[in-house]
């Protein structure tokens, strides 16, 4: 009985991956978004993402159970007292197994998955959590804002009551790492695309997508057995959608960059097996003025590859947005920033080098 | 070359003496068969519990639950998760779906610890796949047999408790168990929000002492899984079976030892010839070893096949016993692992070595020159008998010492082993002494010769006679225990089943309805409602039984010990009656105070009486009905006793069945309850009976084999007597009489040993294993029957050789003189 | 073929060591026969057993052909015996559960030297052709001893040791068996060492040696000549 537990544990995780794949690590509408056999419904039955829909806060900080997938995604590029770069990731994914959202309690059709990770130049540790909706093990409440799974929390601190996301406390821990960070927004929420309607690909896949890219982060981070005081920048992404990736869309690359002059950049590319890649991006001025980048306005090109978890992965990139006078190379803090989880992908801090330098996070899937 | 022809010469012996070969093979095969049958039964049963226990437990996980037992709110699960505890909720219970009651196991597949819990559900695409449980309609996992009983094929949808479920067949699940999502379980068990326990990986890395603070003292990490209780209870049953298997194995080895020893003695001359022809001693020993391995393999394989057959025949009985006696989820199916085959054959080889080892050692060290003495082993063996008697005395004394001061089941069985082994070793000495005594008293020459000759022949027969004696004693002992138990049990049932009709009304509403309607039913003179609650006392599961204060109980409820006014104390909520086994486990007696958990704080109860509660693995504590309702309002109601005039029983039963307002209420009359209980009892001991009979059969074969091989060798002893004018017919009769006299002596020896065994089983093993003491009954009628049976077996065994003797042509008797040697 | 040099052997008894053989030497060439005579207890059987390698001497050496029997362990002595020495006993010592044919070929088979033609000839010469399928218990004593002689000779030994081979037989039978054995020994050209009480038997052999109290009794031998 025991002898096979390793293999069985693996198959169980793989099955969970199937259940949650559409939410997993998804900047787009999810890898294998057909969902798990017999569990997923056609995207048509879920609520559609339509242009012209106005996002309303704090209502839209809360879950949208009629949509298939949704996440609350924070990445923080931090420096410790010695100035060394490090990073933290805190993510909560929601996945609806049926369009009606299910019923009360255990009848809920919502499945939750949490990912948390910490990165230093020499280590990268990631962990995951799973939960059923409906009973309180995981969820998101708007007022006061609280997102949680088990003992991982992203919530309004007690001394800052209210519904918004202006101040948050972000905690997670597992074997090998722990962090407890206070986030304080230094700028406004940013709507991507057309007032939050973000078209991902020419074939019509889209999501509702907004961010809070202006967090100043401060707190403590433990990794490699050393707890250190850290501070830096954090970036929150909120996104929900119902449409899966097409079979010929092989993966994506996503950048969230904070430049030293105060500007922020989001760049996102879906790779196609054939034909041209899909591209979206947002240029955010230091004052919060955001501009959606046109399809031909930016260029992303890998310049350096490394073997990560057995895969050839482009860890160095050349980015250029001529219209903003932005030319840069990114280098990873730790090229082996592989989240070896049920849903596995590369996610880690990067340095931006060039005339306008900075720090940020890079996510890559499908390599 | 040398080895090959040596082995061929050794084996040629068996070709010339097929009877001896058959005896050796039969001995090994029977020993293996009984042993492996018992092992197969044990394995099958254990596998069932393991699956049941490992379903949500086992070594890789720990359980967190209410220390006093009972369900709790799933909010505690969330509390612990949010404190970082990797727990997963489990709800277990029994639910009636259709005709039968099923064990329902509700799990939460998303948080269930990987590697431990569901890993045990089966090898192939188990419910590791959460979709099997979480799909729509929700899944229900069960063995194909269980699904068949439910009436749904693999993948088909079926209705249960108002829900639509999709059946999914999984081999390796516990029998009669449905594994469902916890949400489904909460509905099937009508327990919204309830959780029985939480499971966590054994190495959860948290400090269990945090639990008290996190849950307000409501939850604690359990030392062992609740199924551990089951394991403890069923262990005794298995230990019984194993002891039986071992006994049978030993009896079989006696046969093998006798056959091998005889064959070795008969081949001493051959061995010397082999040495003279240039076979090194080592080669001869190796050839003997190879020969033995051939026999062990052949006998072992035959024995395994036979053992499988026996086990397959007994398996349903064993499963039924375990289910009935302990509520253990045993399946009546045998699934045999390679380990079983290997261990069975291993036992045969080890046994064969044990039986033949001394012979082989002697062959290896046999001087090439010592004169061959084929009949040496028939000669007195006085020294060996004396040594054995000495060892026997030591063992019997050790047995008595353990009986006086030992404690626990292992000690009890050690005592039994010493007793049996001591008696076995003492048997030849006792028989020899008896024969010597007879010889000294005999006057007539023929009688003197008979006594002396019997004594001389004892060496060859003593093993077989010892086997017969052990088998007889076991039969007497176990028979006394079983019959005594049955008599006590019947008497207890008569007392305990005081009401004429027993009624179960499932659910609070029906119970209320029945209670209101019952007094108006025809012929009912009293309604005796009861309530039960499950609690834990010192970690033991205890059933709290609330009884209404009524003359029926005061007059009929069987009590072993009681204080004056015990029932008054019970009615007042100050006292409780404890079942014998509970009192024993809690180590309390009259006047001690036990504290039951009440809804609003502890409920101290003085022990005012002890009652027998045979066959109940749980402890039972009887309290007053009204105090129970006050202290534990959640106590389940629904069972009633009805006092009815005997002639009105049928009318009352019909009235209950006919009343539409009482739909779902089940009534059973006292006679049916007794029938069921006794049926269960008989089933439990059917296995014991079958093994008993087999053991006696094996002993018979041993006797037959020994007599058959001896008869040929006894010609030289008989020829002179014949020459002196005793007819062959007379000689044959004397031979027969001699065997019967020995068998009778064995039976006489077996009676006291059997009685001692009965005492040990009833007074020691039973008390240690089950927690109840039975009055020791002795059944001389049964002994007489068994003695007759033993004589019958001996007569059957002796008949063949004796007939041959009567028909031996005079020429062969003459030949003895022609080739005197 | 057989050379025995100053062979000595004593056994432990409750009364102290008893010397059974005391420096006995002898030699029997190929094709020669030697009768070993002496009263019971004179050491005849012990000498035979030591020569056969059934036991080891305290002192002295035994050579069968160019190979030394003494100084080997049990397995070594057994191997040499199997290869080169045929034994014939007073009590025949056949394997009761083997047929005449199997008994006859037994030692040759053990030595891996079964010769079908020779075995068949032996069977014929020993007058056993009609009895090959029988078991020893179905034979008369003379027949059994003929099988034993066949067994000893089937492997074409260098040396045959016979210990009172006719001791258990009546006179007529003994005469026949003796004749057969001597003829066959001569035919195979092996050496024969035979212990016997019987002066008549001894007289039929080429040479005689008398033992008394474990020593060669020269005086008795001269008297016997």
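If I take R0 = 51 Å and measure r between the Cβ atoms of residue C:67 and residue B:717 in this structure, what FRET efficiency does the formula 1/(1 + (r/R0)^6) give, to the nearest 0.05?
Computed FRET efficiency for residue C:67 and residue B:717 comes out at 0.60.
How large is log10 of I(q)/I(0) for the range B:506-664 at q = 0.09, 0.10, 0.13 Å⁻¹ when the intensity is taken from the Debye formula with one equal scatterer per alpha-carbon?
The Debye formula, applied to the Cα set alone, gives -0.32, -0.39, -0.65.
Cα centroid distance between the range A:43-62 and the range A:318-352, in Å?
Cα centroid of the range A:43-62 versus Cα centroid of the range A:318-352: 29 Å apart.
Just to be sure I understand: of the beta bridges DSSP finds with both ends in chain C, what percent are antiparallel, rounded to 5?
Antiparallel bridges: around 50 percent, rounded to the nearest 5.
Can you give the translational diffusion coefficient of the range A:90-226 in µm²/s, computed by Stokes-Einstein from the Kirkwood radius over Cα pairs at 37 °C and 0.692 mPa s?
The calculation lands on 195 µm²/s.
Taking only C-alpha pairs under 8 Å that are 6+ residues apart, what is the relative contact order of the range A:2-364 in percent?
Worked out over the range A:2-364, it gives 15 percent.
Measure out, as a whole number of angstrom, how far apart the alpha-carbon centroids of the range A:186-226 and the range C:56-125 sit.
100 Å
If r is the Cβ-Cβ distance from residue A:141 to residue B:556 and R0 is 51 Å, what FRET efficiency results, to the nearest 0.05?
Numbers: r = 62 Å, r/R0 = 1.21.
After rounding to 0.05, the efficiency reads 0.25.
For the range A:2-364, build the convex hull from the C-alpha positions and give me its volume per residue in Å³.
144 Å³
Between residue B:776 and residue C:187, with labels modelled 7 Å along Cα→Cβ, what's the label distance in nm to one decimal, could you check?
Each label point is offset 7 Å from its Cα along the Cβ direction, giving 7.9 nm.
Can you classify the range B:499-580 as rounded, prolate or oblate using the Cα gyration tensor, where a ≥ b ≥ c are the square roots of its eigenvalues, rounded means a/c under 1.5, and otherwise it's prolate if a/b beats b/c and oblate if not?
Oblate, because a/c is 1.5 or more while a/b does not exceed b/c.
Report the full-extension gain for the segment residue C:215 to residue C:134: residue separation times 0.36 nm, less the Cα-Cα distance, to one decimal in nm. Don't skip to the end; give the middle numbers.
Values: separation 81, 0.36 × 81 = 29.16 nm, distance 4.31 nm.
Result for the pair: 24.9 nm of gain on full extension.
By count of other Cβ within 10 Å, fewest leading, how are A:192, C:49 ordered?
Numbers: A:192 25, C:49 21.
Exposure proxy ranking, most exposed first: C:49, A:192.
Tell me, B:41, A:293 in order of fewest to most beta-carbon neighbours within 10 Å?
Numbers: B:41 28, A:293 19.
In increasing order of surrounding Cβ atoms, one gets A:293, B:41.
So between residue A:220 and residue A:296, what do we pick up on full extension, going 0.36 nm a residue minus the alpha carbon distance?
The residue A:220-residue A:296 span can extend by a further 23.3 nm.
Pairs of alpha-carbon atoms within less than 8 angstrom and 6+ residues apart define the contacts here; what relative contact order does chain C have, in percent?
30 percent
Could you check the simple spin-label distance between residue A:231 and residue A:84, using points 7 Å along Cα→Cβ, in nm with one decimal?
2.0 nm
Run the simple label-point estimate for residue B:674 and residue B:391 please: 7 Å along Cα→C-beta, distance reported in nm.
A separation of 5.1 nm, rounded to one decimal place.
For the range A:180-226, treating each Cα as an identical point scatterer without solvent, what Debye log10 I(q)/I(0) comes out at q = 0.15, 0.20 1/Å?
These q points yield log10 I(q)/I(0) values of -0.59, -0.72.
So, R0 is 60 Å and r is the distance between the beta-carbons of residue A:276 and residue B:657; what FRET efficiency does that work out to, to 0.05?
0.15
If each residue's Cβ is checked for other Cβ atoms within 10 Å, how do B:81, A:54 rank with the fewest at the top? Before the final figure, lay out each step's value.
Values: B:81 25, A:54 9.
Ranking B:81, A:54 by Cβ neighbours within 10 Å, fewest first, gives A:54, B:81.
Taking the Cα centre of each part, how many Å lie between the range B:576-611 and the range A:111-160?
49 Å
Could you work out Rg/(2.2 N^0.38 Å) for chain C, with Rg from alpha carbons only?
Here the answer is 0.99, to two decimals.
Relative contact order for the range B:511-650 using alpha-carbon pairs under 8 Å, separation at least 6, rounded to a whole percent?
Relative contact order for the range B:511-650 comes out at 37 percent.
FYI, it's all coordinate maths here, none of it is from the lab. Remember, it's a predicted structure, so these values are computed and weren't measured experimentally. Don't worry about glycine lacking a Cβ; one is built from the backbone with ideal geometry, like all the others, and counts go over all protein chains shown.
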